[in-house]
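Have a look at the structure below before the remarks.
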């Protein structure tokens, strides 16, 4: 393609809101433009790169036998009601009621659409397993869309779903999806961090996220340099780290006793006052849990949880009973933090948040700052694992200006629930091998997940097995954000001058830049351009009347992997330069086509 | 691809709602499924055909230098407010207010999105002309979606827009779009009827619709067998056809006079009573017009229209003044009908409808059935051209049970406006050459249109011309419905057994069908399959364990253009049969690959 026929509005400056490098470079290189908050238009050059990423994903999906479908983007609300997600998806799902009062949804994902489709088509075990996918528009109404394509409202997702008659078959597809994902990201030139979601165990997992490091990532990744353990901090576990020296390290026989702590509120103040360490302090936080599914009333051998007798409990017909609101006292060692996602998972709650001051005072019978687990009867106590390894500890006494010392967990209080609810951070020890964790921020590009029967059950998908008996298929889902993958490639492949596309996703493989597009230079440039195009190379000819410096800057900015410069002083040689390298080499013009085509082919072949 | 790896749920029966052949066959061939009213999912086979159509459109757009973009599907309501279409698009446009109170639209078309984008990018005449397009999801909230892909709610449209510094440049792009459209439909195997929208003139038109004949088409096409004139009846004109014999044919000197017509209401009753013909009767209908932009108050030499002095008139700042409501008496020869679209255009009104009985009685001062133009002073009279050619006519007398005879238009009444407002029908004479029209129903597949300044003006798009002066670009728009094109191909290419795909849009070029997939038949089938695939032919191998009859029926249903049957009794020959032909020919198995590949290549090359 000739630049004069292209539309490539490169920019020197970009809006201040473009803080990440991919956002800045996509704007500067004339690849995208913002239409509104979180809504972008791909310009021709950006669309070419987008299609390359899409093409790689499609090839790898087809290679493992997944079949491409194209459902509608707008789908009926009805199927979301069937699955139960109409209620749980929250305001991020864009819902419309149309003129004839039908509820519609602009798809944020498509478990429902594919289950609704295939339950009408799959009737026999002979049709299983089946893997289906689409690469299609999605919409999620992000409250704060930002970072350009990294967190937009509308985006393109490859979402695949598989249906199986047994777990072994699901696992087989799950594994081949994982392999395909690795191939996709490798071909895109991306270093991904595969993060298995269930903590600890390294095999037989049912969920894997593919992360890329990003300073603005919305995931905190906990990584082990030795064994490769990688987890989102919302799931990460660590090896136990009992306090071994100093305050709180040794068991005491002294009875638990109150100690006056006037005008002391923070842990730091308390430690100074008592000459102890935060590691000897049991921090107690009152949490409010929403839709908690724990069986707080107790049943069989399980005792009822303290203070929960009067709680409202909802018993739906087809799903577990839950408490719309319940409060808990959550204890963690004073130097550690509670991770609310881990806490919510432990409490089987849809959401947890710190209780209001009024609730804290009501529950603890004391001003804020004096909560503690000892003799607390108004709410159940949840103790982090770290607490149960503590000795001779200090904690709030449930009275103003009073703490308790010589507290021995187990002796002085028995938690209702002991769980791993602490936030794991860099420096903690690996749960698998004991090495010291490091941490990174990451963005999720892909996720593969064993869904099980969630949708096939709620939406009533059945098939007949070998014995003519009705069975529910088990299901997996597998997503990749296409735009986010594209942006991440730029995040990983750029320098001060612009983008440095890997060959496989470059909008063009080669650019031919005549110093001036006239006379012999024009002839040679045209000949090389035509030759490369005939050889199947995607080539851009800069036929603009611009100064060479401007052309070079633009070509560097848009990141074309190979540049061929045709200048009078070098003829009959031309200059061939790789974008990622500093130096150019001179090649006889007559050999340039075959030489450059070889470079392109070799890089495309190196998957 | 092997059938065993494909998902192709063919059906014998389809829902009764599938009344058109494309809908039936798309369902039966397992190419689409309905998710909800007007919302469809493409299954793998259907998606392959869809991509072929999309690919042809893309190639032809690229060939004329149009540049592909990808705007978002969900766009801000704000840009629709800017263009003024937020108000005029009606309830067919799907609007959402999101959680942060932003108005969003699921795009029904994209004049606004592209104008908003390019007004920020185009600053100089040097950047013009530019043609841009997308192939993307659209949504229109059809009240009664039906006929499968023909009238769905969500669909894919190729929509292109061009921007120009002058009319000559717009016309050049408009002409090349027209050529590209002809090429697209030709390559899709479609017989389209290009319909120029402005009546009469055959050159220099500013709008052309590409129609396909369809029994369920929503357009009435008026066609000339001799000169090729083709028009939508909403725009069609015809040659004048004065009454030359019988009642109403001769001028009279008798004065217009009342005649009692007791208990006579319909034109037929009146003609029987007066022993005259409908052609001698001036039918007068009272219409209510909405947002009429005619200058009814008169200015300069133009007189004010009768009875309009007290009408409410709105004078907006940047657009023409209009009357929110105005009434008109519309006269047409008794045997003809008023076309409301033509009438609305003549009245520059957004909408016209017959007035209520109460309004008719108020305006005519008589019961319904006695309206006439003579001495009518309460509303302006609009006379169709046919009326002004009438003589010695009969019309209502504005009194119950009374008509007027010997009416001479021009002598006995002078219309406020004479216009062409009649419905043209088969049998009328061609406006261009006088031959007799025939009529067809048609569906619009594409439309090219000179928009002019509508959007660049309302949305404030400006560039600097050669003299550094700010100018507004003029604009064209060019749409094709991709799904509808696909469905139309099936409408035109099918037989009793199923679809008969033209090679260029077939989901696969060739199917190889072994009578049984075992032994030598398997070996030969595999060899031909591999050979064709290696030759770049898209080939489907029916490796299922089904009876040959079932396989043949399926392959006929899904319409693969070439079938290669490998049967024991014919070996070493195989049977090669074109889907569209009745007879097969025997070909030596070793020559089958090259022979079949040649057929495919030849048909793909024949554009």
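Residue B:16 satisfies every condition listed in (1) facing chain A (nearest Cβ under 9 Å); (2) surrounded by fewer than 20 Cβ atoms within 10 Å (Cβ to Cβ); (3) out of contact with any strand residue (DSSP E or B) (no Cβ under 7 Å at 6 or more places or on another chain) except (1).
Residues of the stretch B:332-351 that are in contact with a strand residue (DSSP E or B) (Cβ under 8 Å, 6 or more places away or on another chain) and more than 25 Å from residue B:410 (Cβ to Cβ): B:340, B:344, B:349, B:350, B:351. Checking B:47, B:27, B:67 one by one, the residue that is facing chain A (nearest Cβ under 9 Å) and either under 18 Å from residue A:66 (Cα atoms) or buried (at least 22 other Cβ atoms within 10 Å of the Cβ) (or both) is B:47 and no other.
Considering only residues that are over 19 Å from residue A:502 (Cβ atoms) and outside any loop (DSSP other than H, G, I, E, B), which ones fall in the stretch A:573-587? Passing the criteria: A:573, A:574, A:575, A:584, A:585, A:586, A:587. If the condition is being under 25 Å from residue A:424 (Cβ atoms) and surrounded by fewer than 24 Cβ atoms within 10 Å (Cβ to Cβ), then the stretch A:350-379 contributes A:350, A:351, A:353, A:354, A:355. Restricting attention to the stretch B:237-252, the residues that are more than 27 Å from residue B:341 (Cα to Cα) and either assigned by TED's automatic domain parsing to the domain that holds residue B:343 or surrounded by 11 or more Cβ atoms within 10 Å (Cβ to Cβ) (or both) total 6. Residues that are over 18 Å from residue A:540 (Cβ atoms) and within 41 Å of the chain's Cα centre (by Cα) within the stretch A:569-594 comprise A:581, A:582, A:583, listed in sequence order.
Only one of the listed residues (A:129, A:145) is touching a residue at least 40 places away in the same chain (Cβ under 8 Å), under 20 Å from the mean Cα position of the chain (by Cα) and not assigned by TED's automatic domain parsing to the domain that holds residue A:349. That residue is A:145. Do we find a residue being over 30 Å from residue B:21 (Cα atoms), over 14 Å from the mean Cα position of the chain (by Cα) and surrounded by 12 or more Cβ atoms within 10 Å (Cβ to Cβ) anywhere in the stretch B:223-236? Yes: one or more hits. The strands (runs of 3 or more DSSP E) located wholly in the stretch A:136-216 that include 2 or more residues which are within 14 Å of another protein chain (Cβ to nearest Cβ), modelled with pLDDT of 95 or more and at negative phi occupy A:154-164. Screening the stretch B:104-121 for residues that are surrounded by fewer than 23 Cβ atoms within 10 Å (Cβ to Cβ) and more than 8 Å from every other protein chain (Cβ to nearest Cβ) and picking the one that is farthest from residue B:39 (Cα to Cα) gives B:119. Those helices (runs of 4 or more DSSP H) of the stretch A:1-116 in which at least 1 residues are under 21 Å from the mean Cα position of the chain (by Cα), considering only elements entirely within it, cover A:21-28, A:44-63, A:85-88. Residue count for the stretch B:295-326, restricted to those that are in contact with a helix residue (DSSP H, G or I) (Cβ under 9 Å, 6 or more places away or on another chain) and under 28 Å from residue B:454 (Cα atoms): 2.
Kindly evaluate residue A:415 against the criterion of being in contact with a helix residue (DSSP H, G or I) (Cβ under 9 Å, 6 or more places away or on another chain) and in the same structural domain as residue A:349 (by TED's automatic domain parsing). Criteria met by residue A:415. Answer yes or no as to whether residue B:452 is surrounded by fewer than 17 Cβ atoms within 10 Å (Cβ to Cβ), within 30 Å of residue B:227 (Cα to Cα) and under 22 Å from the mean Cα position of the chain (by Cα). Here the answer is yes, as residue B:452 does meet what is asked. Selection over the stretch A:418-443 of residues that are in contact with a helix residue (DSSP H, G or I) (Cβ under 9 Å, 6 or more places away or on another chain) and outside any loop (DSSP other than H, G, I, E, B) gives a count of 4. For the stretch B:81-103, the candidate set comprises residues that are surrounded by fewer than 16 Cβ atoms within 10 Å (Cβ to Cβ) and under 10 Å from residue A:98 (Cβ atoms); within that set, the residue that is nearest to the other protein chains (Cβ to nearest Cβ) is B:91.
Within the stretch B:452-467, being out of contact with any helix residue (DSSP H, G or I) (no Cβ under 7 Å at 6 or more places or on another chain) and closer than 26 Å to residue B:157 by Cβ holds for B:452, B:453, B:454, B:457.
Let's see how each residue does on (1) at pLDDT 95 or above; (2) more than 24 Å from residue A:292 (Cα to Cα); (3) not in a loop (DSSP other than H, G, I, E, B):
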position: A:330; (1), (2), (3): yes, no, yes
position: A:335; (1), (2), (3): no, yes, no
position: A:342; (1), (2), (3): no, no, yes
position: A:345; (1), (2), (3): no, no, yes
position: A:372; (1), (2), (3): yes, no, no
position: A:383; (1), (2), (3): yes, no, yes
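If you go through the stretch B:50-64 and keep only what is closer than 22 Å to residue A:156 by Cα, surrounded by fewer than 20 Cβ atoms within 10 Å (Cβ to Cβ) and at the interface with chain A (Cβ under 10 Å from one of its Cβ atoms), you end up with just B:51.
The values are calculated or read from the model by the stated rules, or taken from the named source; none is laboratory data. Only a predicted model underlies this, so the values are computations on that prediction, with no experimental measurement involved. Note: ideal-geometry Cβ built from the backbone for every residue, glycine included; neighbour counts use all protein chains shown.
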